[in-house]
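As C-alpha cells, the structure follows; a few thoughts come after it.
The values are calculated or read from the model by the stated rules, or taken from the named source; none is laboratory data. For clarity, every value in this text was computed on a predicted model and none was experimentally measured. Here the Cβ positions follow ideal geometry from the backbone for every residue, glycine too, while neighbour counts run over all protein chains shown. These accessible areas exclude ligands, DNA and RNA; they are computed on the full protein's heavy atoms, side chains included. Shrake-Rupley method; radii C 1.70, N 1.55, O 1.52, S 1.80 Å.
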Amino acid sequence: MPAMDEMVTHSGACHCRRVRFEVDAPAAIEALACNCSLCAMTGFLHLIVPVERFRLLTGAGFLTTYTFNTGVAKHHFCSVCGIKSYYVPRSNPDGIDVNVRCLDPGTVVALTVRPFDGRNWEASAGDIVVVFSDGVSEALNAAGEEFGDDRLLAAAHQAARDADDVTSPAL
C-alpha cells in the first residue's frame, strides 16, 4: 500500500469498463462532493488534476458529451452504461475532473470528502480543490492570494471571470 503523501497512478473505468483511464494523484485523496443539480443526481466525487496527469486508455469512441449553461464544462459519459467517469470542469477547463467513485480499488489509502456548494457556484467557486502537477492539493479561495501561489491566483480569477459571465438557470 502506498504512503499517504505519495503520488500514485490510479486506474479507473466506467461501469461497463469500455472507458478506461489512469490518473496520477496522491494516494490520499481530498475530493469534493458537490450539491449542484447534476452532481447531486449522479453522486460524482470530484478530483481535479492537470490534463497531463490524466490518460484515457480505451473507450474514446464510446463517449458522449453533454454541455449546459455556459458550455465550458464538457461532461463525457459512456454511451453504453451512462457513467460519467471524468469530465472537463468549468472551474478548470485546462484540467480533468475524475470521479473518485470510478477509481479501481487498491491505490487510494485515504479519502477525505469535503462538501462544495455547487448550487451557489458563483459564490463558492473559490472553494474548489485543485491538485497541481507537483502533487500539491490546495483549495482556491476567492482571491487566491492567501496561498501565495500564482497558479491559485490565476485559477481563482478565471473562476471569477466565468462567474461574471453566467446567469444560472432556476431549477
Q) Could you count how many residues in the stretch 1-57 are open to solvent by 50 Å² or more (accessible area, probe 1.4 Å), in contact with a strand residue (DSSP E or B) (Cβ under 9 Å, 6 or more places away or on another chain) and under 15 Å from Lys84 (Cβ atoms)? A) 7
Q) Ser85 fails exactly one of the following numbered conditions: (1) modelled with pLDDT of 50 or more; (2) over 13 Å from the mean Cα position of the chain (by Cα). What is the number of that condition? A) (2)
Q: Tell me the strands (runs of 3 or more DSSP E) entirely within the stretch 1-118 that contain at least 2 residues that are touching a residue at least 40 places away in the same chain (Cβ under 8 Å) and touching a Ser or Thr at 6+ places or on another chain (Cβ under 8 Å).
A: 7-13, 20-26, 28-34, 45-50, 74-78, 95-99
